[in-house]
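These notes are about the structure you will find just below.
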Amino acid sequence: MLNYQFDWHLILNGEYRQWLLSGLWLTLKLATVSMILSFFLGLIIAVMKMSGQRFVRAGASVYLEVVRNTPLLVQIFFWYFGSFKLLPAAWNEWLNATNEFEFIAATMALTIYTSAFIAEDIRSGVRAIPKEQTEAGFSSGLSFLQVMRWIILPQAVRMTIPPLVNQFLNLAKNSSLAMTIGVAELTYQARQIESHTLKGFEAFTAATLIYLILSLVITGLMEIYNEKILKPRGAQA
Amino acid sequence: MIHFQNVDKWFHSSLHVLRDICLEVQKGEVVVVCGPSGSGKSTLIRTVNGLEPVQKGEVWVAGQNVADKKTDLNALRAEVGFVFQQFNLYPHLRVIDNITLAPRLVRKTPTVEANRHATELLERVGLADKAQNFPSQLSGGQQQRVAIARALAMKPKVMLFDEPTSALDPEMIGEVLKVIQDLAKSGLTMMVVTHEMGFAKEVADRVIFMDKGAIVETAKPEDFFSQPKSDRAQLFLKQVLNPMH
Ligand SMILES: Nc1ncnc2c1ncn2[C@@H]1O[C@H](COP(=O)(O)OP(=O)(O)OP(=O)(O)O)[C@@H](O)[C@H]1O
Ligand SMILES: [Mg+2]
């Protein structure tokens, strides 16, 4: 093992490099689309969880428990195999016609899974906002949803940005499970290269490095945001 | 305009904070509420806009029972301005947007019209030049005047003030009291929790003294401050006027 001679030439050139890059592109697309969707879904779940209506709150609780306590891989299979049975026929036809069924099923699973964690992050952000803000809003006649939308969430989401970045990193990594239903993202492509070239060690080392660099870049941007934007603001307030 | 009928309130089902409150505040009347810390003054005025529910009795505002399921509480609150001890401005919004938020959302006032009214109100509280600032860039006294403008923007029938000057540095108390004084003279119905004697003498129609959750004494300000009837009010006034003894 120590004497293993890496053969990078094959992988980092021509067709196989192209595979890796297209895998990276799909990973980013999967993570980004799921992130945006799960942010809004997470917002809705968080607001439901804080609602004054018991049934709305209970619905959100069930959602959170189910989603957080089942493995992501199972959820991916669930939507991949189950959506044909659960969705109306017209939707299925449309899904098939797009030729993107695997991508959509994976996005759905990742979105739902991540939204549960984002909802909890947003709730802790909301808890950090003094309850007097809510009282001030109610006192001027705003409804619960208006108070949330215009007063509490804008403040809470700002505090939630670091955990949201973390969720994005998790998403980028979790998206590798989408290979199991045939989404040709980064891990899938590394696997393909391995089966074509038998250079599995190189292929997965390359994939590992790409995931690592991706994480470091995002973490770095986060640091800059913290130093340049969050800290000066905090000092001013 | 505001009517308390045998109101009782408990916190955590054991702490009795309002005891058999009966009180009628007439339209245009200014009532000052005072009393020792923990006597239930804040709780009392917070029941008027339903921030605190009551367990017994009824609170009526402008002909509506606050606790009635048929009452639209949001609509009722739109008619009742509330000014907090700690201002509670929205830190992420500029001064002008702090003021126009509720008119735009609740009254559906067009932005241009809301901005115009807000500018007028800012002039009235002497802060016309601060419209584009964020709350954190203002002094306490300025923030409290913005908070008053924010409440007035809804054109309320009733204004409630919970110790509006006690979080302020002494040199800023005057500027805020001045604004409230002008309002009091304009004929707005007001309940003001405060220990500012000079203010009470100047504008209050009545002073209410509370202790341990009950209204102990109701009097004209000149009578209350010169010859309080109850022992507890006498003790309280002695402490407020001479805190060192
Ligand atoms: N949310 C709450 N939960 C439990 N107890 C409370 C709550 N709010 C107030 N209390 C208690 O109720 C009593 C009355 O409080 P309240 O704030 O109305 O008094 P106050 O007269 O306004 O006092 P202060 O002059 O200190 O503001 C106090 O004993 C207080 O500790
Ligand atoms: Mg108080």
Subject >> Conditions (1) within 16 Å of ligand 1 (Cβ to nearest atom); (2) farther than 15 Å from B:F87 by Cα; (3) within 14 Å of chain A (Cβ to nearest Cβ); number of the one not met by B:F209 >> reply: (3)
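Please state which one of B:G126, B:G141 is part of a helix (DSSP H, G or I) and away from chain A (no Cβ under 12 Å).
One residue alone meets the criteria, B:G141.
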**OP:** From (1) under 30 Å from A:G23 (Cα atoms); (2) among the hydroxyl-bearing types (S, T, Y); (3) within 12 Å of chain B (Cβ to nearest Cβ), pick out the condition that doesn't hold for A:T134.
**Re:** (1)
Subject >> Matching helices (runs of 4 or more DSSP H) fully within region A:99-160 where at least 1 residues are closer than 16 Å to A:L171 by Cβ >> reply: A:101-127
**OP:** Could you check, for region B:135-150, whether at least one of its residues is under 19 Å from B:N88 (Cα atoms) and β-branched (V, I, T)?
**Re:** yes
**OP:** Considering each residue of region B:78-109, count those that are open to solvent by less than 20 Å² (accessible area, probe 1.4 Å) and on the phi < 0 side of the Ramachandran plot, and give that number.
**Re:** 16
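Give the residue, chosen from A:Q189, A:Q167, that is at pLDDT 90 or above, in contact with a helix residue (DSSP H, G or I) (Cβ under 7 Å, 6 or more places away or on another chain) and assigned to a helix (DSSP H, G or I). Quick ask: steps written out before the conclusion?
Numbers: A:Q189 fails: at pLDDT 90 or above.
One residue alone meets the criteria, A:Q167.
Condition first: more than 15 Å from B:A214 (Cβ to Cβ) and within 16 Å of ligand 1 (Cβ to nearest atom). Can you find one or more residues in region B:66-77 that meet it?
Quick first cut of region B:66-77, residues more than 15 Å from B:A214 (Cβ to Cβ) only: B:66-77.
Restricting the remaining residues to those that are within 16 Å of ligand 1 (Cβ to nearest atom) gives none.
No, region B:66-77 has no match at all.
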Original post:
Just one of the numbered conditions (1) within 14 Å of another protein chain (Cβ to nearest Cβ); (2) open to solvent by less than 30 Å² (accessible area, probe 1.4 Å); (3) of a type outside the set (D, E, K, R); (4) more than 19 Å from the chain's Cα centre (by Cα) is not true of A:G82; which one?
Top reply: (1)
Original post:
Tally time: how many residues in region B:1-54 are within 15 Å of ligand 2 (Cβ to nearest atom), hydrophobic (A, V, I, L, M, F, W, C) and in a strand (DSSP E or B)?
Top reply: 7
Original post:
Could you count how many residues in region B:145-193 are open to solvent by 10 Å² or more (accessible area, probe 1.4 Å), among the polar types (S, T, N, Q) and touching a residue at least 40 places away in the same chain (Cβ under 8 Å)?
Top reply: 1
Subject >> Test result for A:M108, within 14 Å of chain B (Cβ to nearest Cβ) and aliphatic (A, V, I, L, M) >> reply: no
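The values are calculated or read from the model by the stated rules, or taken from the named source; none is laboratory data. Bear in mind that the values here come from a model prediction, so they are computed numbers and not experimental data. So basically every Cβ, Gly included, is an ideal-geometry build from the backbone, and we count neighbours across all protein chains shown. SASA here: full protein model, heavy atoms, side chains in, ligands and nucleic acids out. Shrake-Rupley method; radii C 1.70, N 1.55, O 1.52, S 1.80 Å.
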